[in-house]
Amino acid sequence: MMAEAVGSAYKRTRVRDYLRDLVEAGAPGDPIPSERVLCERLGVSRPTLRAAVDGLVSTGLIVREHGRGMFVARAKITQELAAPAEHGFTLPRASGSWAGRVLEFSQVQAGARVGRKLQLPPMAGIVYIARLRLVDGEPMAIEQLHVPAALVPGLAPADMESGDFYELLRGRHGVRVHQAVQSIEPTVVNEKEAGLLGVPLFSPALQFERLTTDRDGRPVEYVHSLYRGDRYRILSHIALAEEDAAAAVAGAGHHPGIPPGDLATAPVGQTLTTGDVQPLM
């Protein structure tokens, strides 16, 4: 039984890797061979092949079109995260042309939880903004911002439709963001979120939570965001001390949280601390 399980796992891995190679070698919209052709080529059963294809469809690498077949999906929107340098850094912008559509805009009381995040009394006023973020016109994320009302007098919904919110804070309100602590976790979308993002119910997604502070350490923004898992990815560059890098290469150890030999990406769910930030969007 153990040998059969290992054999099945090896077949699934081999099929998945073969399909990934096809995707990486192709261009968006290129056709993928039919299931029958792939089964014959790889010597596997239809269930084994379909399991591998389903996995790549759910992660946004392959798209199925009823009556037409399978195709290489469009490239994902990539957000590159730079590792902190000695004198701070600026985050590269995510790819694509970003815009926003305001879903809700109101001034409300902070409440206990958000008040703790923003270091405000529960009765203090905040501006709450829910907006749909679009890339090249396609829904990409649902974002909920909480900003102390005293920092942004006169802020209007139209201000959140386009442009850089941090530039708006700096130019109009004299608020200079400096640091952000952000966590990223995997999740799935509920029915309402699926409708807004145009994806099936329970599709994979990335959940972001970010608290941004200014140069005096004052919280200026608390954000909760949900990004499509099939169209968005995070890329991190990790800087290691010489002794850590040497140990990783030698196989004698690795940096906590980073698998040996995989130094280019940070694991999802890792808390990232950034300095002199620009918005992730």
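Side notes on the structure shown:
- Candidate set: the range 181-195, residues that are in contact with a Leu (Cβ under 8 Å, 6 or more places away or on another chain) and loosely packed, with under 12 Cβ neighbours inside 10 Å; chosen: the one modelled with the lowest pLDDT: Pro186
- The number of residues in the range 102-111 that are surrounded by 14 or more Cβ atoms within 10 Å (Cβ to Cβ) and farther than 14 Å from Ala149 by Cβ comes to 2.
- Tally, over the range 204-223, of residues that are closer than 22 Å to Thr59 by Cα and open to solvent by 20 Å² or more (accessible area, probe 1.4 Å): 4
- Considered as a group, the residues in the range 143-167 that are within 14 Å of Val102 (Cβ to Cβ) and out of contact with any strand residue (DSSP E or B) (no Cβ under 7 Å at 6 or more places or on another chain) include one that is surrounded by the most Cβ atoms within 10 Å (Cβ to Cβ), and that residue is Phe165.
- Selection status of Pro153, touching a Gly at 6+ places or on another chain (Cβ under 7 Å) and assigned to a loop (DSSP other than H, G, I, E, B): no
Residue-wise test of (1) touching a Lys or Arg at 6+ places or on another chain (Cβ under 6 Å); (2) modelled with pLDDT of 85 or more; (3) outside any loop (DSSP other than H, G, I, E, B).
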| residue | (1), (2), (3) |
| --- | --- |
| Val15 | no, yes, yes |
| Val23 | no, yes, yes |
| Gly29 | no, yes, no |
| Leu38 | no, yes, yes |
| Val44 | yes, yes, no |
| Leu49 | no, yes, yes |
| Ala52 | yes, yes, yes |
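- Filter result for the condition that a residue is assigned to a strand (DSSP E or B) and either in contact with a His (Cβ under 7 Å, 6 or more places away or on another chain) or closer than 21 Å to Thr213 by Cα (or both), over Ala141, Ala180: Ala180
- Condition met for Gly198 (on the phi > 0 side of the Ramachandran plot, out of contact with any strand residue (DSSP E or B) (no Cβ under 8 Å at 6 or more places or on another chain) and exposed (fewer than 14 other Cβ atoms within 10 Å of the Cβ)): no
- Selection of first residues in the range 189-210 that are among the hydrophobic types (A, V, I, L, M, F, W, C) and of second residues that are in a loop (DSSP other than H, G, I, E, B) and open to solvent by 50 Å² or more (accessible area, probe 1.4 Å), restricted to Cβ pairs under 6 Å at least 6 apart or on distinct chains, gives the following pairs, ordered by first then second residue: Ala194/Leu201.
- Applying the criterion of being out of contact with any helix residue (DSSP H, G or I) (no Cβ under 9 Å at 6 or more places or on another chain) and of a type in the set (Lys, Arg) to the residues of the range 49-76, the residue that is least open to solvent (accessible area, probe 1.4 Å) is Lys76.
- Taken as a whole, the range 168-186 holds at least one residue that is without any contact (Cβ under 8 Å) to a residue 60 or more places away in the chain and within 16 Å of Val102 (Cβ to Cβ).
- Within the range 112-134, not a single residue is outside any helix (DSSP H, G or I), open to solvent by 50 Å² or more (accessible area, probe 1.4 Å), touching a residue at least 24 places away in the same chain (Cβ under 8 Å) and under 14 Å from Leu155 (Cβ atoms).
- Checklist (1) without any contact (Cβ under 8 Å) to a residue 60 or more places away in the chain; (2) touching a Ser or Thr at 6+ places or on another chain (Cβ under 6 Å); (3) not aliphatic (A, V, I, L, M) applied to Glu143, failing item: (1)
- Qualifying residue in the range 115-127 (condition: modelled with pLDDT of 95 or more and among the polar types (S, T, N, Q)): yes
- Selection over the range 15-32 of residues that are within 15 Å of Val63 (Cβ to Cβ) and either surrounded by 17 or more Cβ atoms within 10 Å (Cβ to Cβ) or free of Cβ contacts under 8 Å to residues at least 12 places away in the same chain (or both) gives a count of 4.
The values are calculated or read from the model by the stated rules, or taken from the named source; none is laboratory data. In this text, all values refer to a predicted model and were calculated from it rather than measured experimentally. Cβ sites come from the backbone with ideal geometry, for glycine too, and all protein chains shown count toward neighbours. Heads up: the accessible areas ignore ligands, DNA and RNA and are worked out on the full protein's heavy atoms, side chains in. Shrake-Rupley method; radii C 1.70, N 1.55, O 1.52, S 1.80 Å.
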